[in-house]
1. Taking N as the number of residues in the stretch A:581-657, what is its Cα Rg relative to 2.2 N^0.38 Å?
2. May I ask for the angle, rounded to the nearest 10°, between helix B:174-196 and the longest principal axis of chain B, with both axes built from Cα atoms and the value confined to 0 to 90°?
3. Once phi is turned into ³J(HN,Hα) by the Karplus curve 6.51 cos²θ - 1.76 cosθ + 1.60 with θ = phi - 60°, what whole-Hz value does each residue of the stretch A:593-606 show in order, with x for glycine and proline?
4. Relative to the longest principal axis of the C-alpha atoms of chain A, give the angle of the C-alpha long axis of helix A:18-40, reported between 0 and 90° and rounded to the nearest 10°.
5. Rounded to the nearest 10 Å², what accessible area does A:Trp46 have for a 1.4 Å probe in the complete protein model?
6. Give me the distance in nm between label points sitting 7 Å out from Cα along the Cα-to-Cβ direction at A:Ala573 and A:Thr337, one decimal.
7. Tell me the per residue accessible area of the protein assembly as shown using a 1.4 Å probe; a whole number in Å² is fine.
8. Which whole number in µm²/s is D for the protein assembly as shown by Stokes-Einstein, with the Kirkwood Rh taken over Cα pairs at 25 °C and 0.890 mPa s?
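The values are calculated or read from the model by the stated rules, or taken from the named source; none is laboratory data. Computed from a predicted model, the values in this text were never measured in an experiment. All Cβ positions, glycine included, derive from the backbone under ideal geometry; neighbour counts span all protein chains shown. All accessible areas refer to the heavy atoms of the entire protein, side chains included, with ligands and DNA or RNA removed. Shrake-Rupley method; radii C 1.70, N 1.55, O 1.52, S 1.80 Å.
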Amino acid sequence: MYASIKSFASSFFVTGDPLIYGADVSIALTSIAILFVLFYFKKWGWLWREWLTTVDHKKIGIMYLIASLLMLFRGGVDALLMRTQLALPNVHFLQADHYNEVFTTHGTIMILFMAMPMMFGLFNMVVPLQIGARDVAYPFLNSVSFWLFLFGAMLFNISFVIGGSPDAGWLSYPPLSELSGSSGVGENFYIWGIQISGIGSLATGINFIVTILKMRAPGMKFMKMPMFTWSVFSSSIIIIFAFPILTVTLALLFIDRYLGGHLFTMDGGGFPMMYINLIWMWGHPEVYIVVLPAFGIFSEIVATFSRKRIFGYKSMVFALMSISILSFFTWVHHFFTMGSGADVNVAFAIATMAIGIPTGAKVFNWLFTMFRGRIRLEQPMMWTLAFIPCFVVGGATGVMLAVAPADYQYHNSYFLIAHFHQVLIGGVVFGYLAGIYYWWPKLFGFKLNERLGKYAFWLWNIGFYVCFMPQYALGFMGMTRRVYTYGWDMGWGPLNLVSTIGAFLMGIGFVFQVWQILYSVKYGERDTTGDPWNARTLEWSIPSPPPMYNFAVVPVVDERDPFWEEKERRDFAPAEPVPVSKLESIHMPKNSGVPFVFAACWFVVGFGFVFGWNWMAFTGLAGVGISLLVRSFTYDTDYYVPLEEVIETEKAAGRAV
Amino acid sequence: MQHAIDNGHPQHAAGSHDHGHHDQESMKVLGFWIFLVTDCLLFGTLFATYVVLKGHTAGGPTGKELFEIPGFVAETFILLTSSFTSGLAVLAMNKGKVNQLIGWLIVTAVLGASFVGLEINEFLNMVHEGAKISTSAFLTAFFTLVGTHGLHVSVGLIWMIGLMIQLKMRGITPVTRRKITVISLYWHFLDVVWIFLFTIVYLMGVM
């Protein structure tokens, strides 16, 4: 009995590495601390009522944000582990197989569990406010999406202490990810973690398309929508076309692993390149999914902090929409070396380079918006300014990679690594950080500390160039991706050391940001006006943080930048309070515990399939079905916020008389 | 939101006034249409995989040897008829006849269940002949594609039974009306997908 328990535990838990034991201890201590706080302060009811069952898009946005920052930490630690391993030749800090796991989880987490939720957090925090809506189209589904993401992410993350992490790269290429190449449970964790959260992402895409189509304030025609809303719209369109492909691809890989299929195996007629085509048909649009909202954020910030309308609004919209279409015709550029022939490669090379045109138009529009503007260098604007040169260099190296014959030289080298980190950190991370700094006071009612933010800004920026510029050179020197150590004779040592120093500078930048948030919670500058940046769009016309129903009176929009136009009309005098007689009771959705339970059941399904425990997986599936039926039979899903409560809230904010 | 798909106005628990509030029911139908777009892509990807791997039989049986014409023709007729009866159900709903509506839904569900039964029978026969999911890439792709459609039909059956109970409990309201509209959309969609399956998998397979 004891022996069988022991042998089960040794295969169930990851053993044998001191780093993992350290992680085990810290996970246990953190969990105990959280449980202690919840019990000691009797916060379980509060947690359930205010957060776990909420359908308020603002709260869901905040939960996305917290989760994504935690994932940024986890993915960042993975990055630092890798850079430590590569700092000098012949280092044996990580073993080869452990290194494989670290680079796999770093990539997966950063794209799917950091960038995506940070983006969805911003969608949720901003879009309904910006279009003058009281909610998203499907608040219940919105909550489902969040919990699916969270439980998917947790399933993926526990793999590193239970069962073992995936190790076949962030896109799990077969045959490496087939049973023949990876017989442990790591790849199953990969498949189910992403599958569960991916379904949530798909639902968010549908939700925001309908929200933007149907929930805009009266008078807000398409060509009067704020740029960020446009970018969310184009990103959501890519989501609904790309994510079904991911769902199928992962399901097919699982069928191979679980039912002994031969879709992508080396035997039985399987065709691994089919997987690589499919995954990139999702994977390439995916990078545009995450970068387009960042473009929207920059457009808002540039206009606000230059005190000018965005230059070339129509061309900005056209650029977004054309990128969302072109993004589906470039996937082969990820494997020009596959051998599909010169004509196919040329077609995809041209399609890839074509994306540079609308992107270039956007960069010029941002520059022209700043031209003769009254620029204020506050934190959001600083990140925007830092983004432009970074993204231009990243775009230029992207065009270098898109030249198919030249790509035979760069393929899988560190040049590629440097390029995509430059566009993803310079474009996406800088963009989302700018967005967080920009909208933070709206959601929380205080600004983030300027001084700590500037330290973080410079550490991130200097660290970035110190880290990635050497990697371009290393790529030319022949260093390939995924090598876990190298010899002195290669001559890669000095540049790798410099790169590692840069990575740690960015890590310190992140520490400063955490400190900045904690410090500002206590000492941050309070925003009593609701409009701390003198901004232009509707979200700034309501108090910070907004009341649960957002707008007491639904605004009527007659032009672009409606709030700015309104402020100009009243010559920047404070807005008149609304007479109480104009207020009314407000229709809102009720909280529900079903999304949480539903997603938890999916976690059980995933965990069961990961270990091949069918009894558990099918119990989970039954739970999924029951949750859906419970929801289907629930008719009492909404209520009216009483008029007295609306009046009270508005009076307290000084907005009604 | 002026163009509500139904004639009645939604009635909410807390009263009938609805200022600045969007028509939830027609918005949900729109969302379902967009969901169907994503489901089209899901099936499109499976079809693409099947077409690429169709010839990868690895020495195992081919479609021509496996597919039995009477079986899949019967499945086709049954599913197409069920799509027709689900249309009759919607017509009954528009006339406000709840019992007739439930009756046609029962006919639809029985037809759907016999379709699923025939499909399971077909799969079992194939496995019996040694054509398993693990035999070749062609068969993995076949079982995945056709099985995904069958799974959709089965989920639709459970869903339809749930809706019949709700109709019995509540009658035809704006909410149940929207739910019936949505499942009939879903059912017709599965029919369209089957026409592609019938053509690309079965007809092209036996030719």
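1. Numbers: Rg = 20.6 Å, N = 77, 2.2 N^0.38 = 11.5 Å.
Against the compact-globule rule of thumb, the ratio is 1.80.
2. Rounded to the nearest ten degrees, it is 20.
3. Coupling constants for the stretch A:593-606: x, 4, x, 5, 5, 4, 5, 4, 4, 4, 4, 4, 4, x Hz.
4. 30
5. Accessible area of A:Trp46: about 110 Å².
6. Placing both labels 7 Å along Cα→Cβ, they lie 7.0 nm apart.
7. Details: 34590 Å² over 864 residues.
Per-residue value: 40 Å².
8. Values: Rh = 29.0 Å.
It comes out at roughly 85 µm²/s.
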